[in-house]
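Colleague: I'd like to ask you about the structure that follows.
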Amino acid sequence: QVQLVESGGGLVQPGGSLRLSCAASGTIFRINVMGWYRQAPGKQRELVATITTGDSTNYADSVKGRFTISRDNAKNTVYLSMNSLKPEDTAVYYCNVKHRSSVFSTWLEYWGQGTQVTVSS
């Protein structure tokens with residue numbers, strides 16, 4: 001079983017910055033993808049960014065150039081550095097981990113409890 005604990009959310013003014021962290025505990029298989037998703041009120045959950053074990057990244061178009069995802073494999077922790085924040089970035093941000101024991105195995109997926117990010121003046 002994998003547990004994810006997020007931190008770093010809060011209230012920030014437009015143009016400001018925040019850094020989210022997500023620490024994973026439990027056994028993480030070597031084949032894994034860590035990521036961040038967000039859900040704004042009345043909207044579906046959407047992908048923000050993902051990063052593979054080999055540090056290959058993927059970003060939503062809306063955050064490219066402003067957000068940076070990174071990971072510390074030794075700590076099983078994924079980070080999301082958010083700059084130039086906009087009111088439309090306001091949402092609950094969820095940490096996500098997908099992993100599998102081999103290329104022939106099914107992906108297993110876990111979610112964090114979510115952390116609120118509010119961008120407002």
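Colleague: Of all residues being out of contact with any Asp or Glu (no Cβ under 8 Å at 6 or more places or on another chain) and of a type in the set (S, T, N, Q) in the stretch 97-117, which is nearest to Val2 (Cα to Cα)? Just the residue, please.
Modeller: Applying the filter and picking the extreme gives Ser101.
Colleague: Continuing with this model, one more query. Inside the stretch 17-121, counting only strands (runs of 3 or more DSSP E) that do not spill past its ends, which hold 2 or more residues that are open to solvent by less than 50 Å² (accessible area, probe 1.4 Å) and without any contact (Cβ under 8 Å) to a residue 40 or more places away in the chain?
Modeller: Here the list reads 46-52, 67-72.
Colleague: Moving on. Filter the stretch 3-16 for residues that are part of a loop (DSSP other than H, G, I, E, B) and closer than 14 Å to Tyr94 by Cβ and give the result.
Modeller: Gly8, Gly9
Colleague: Sticking with this structure for a sec: Looking only at the stretch 1-16, count every residue that is over 13 Å from Glu109 (Cα atoms) and open to solvent by less than 70 Å² (accessible area, probe 1.4 Å) and tell me the total.
Modeller: So the count comes out to 9.
Colleague: Here is a further query. Does Ser21 meet the test of being under 11 Å from the mean Cα position of the chain (by Cα), at pLDDT 95 or above and polar (S, T, N, Q)?
Modeller: yes
The values are calculated or read from the model by the stated rules, or taken from the named source; none is laboratory data. Please read these numbers as outputs of a predicted model, since none were measured by experiment. Positions of Cβ are backbone-derived with ideal geometry, glycine not excepted, and every protein chain shown enters the neighbour counts. Only protein heavy atoms, including side chains, enter the accessible area calculation; ligands, DNA and RNA are left aside. Shrake-Rupley method; radii C 1.70, N 1.55, O 1.52, S 1.80 Å.
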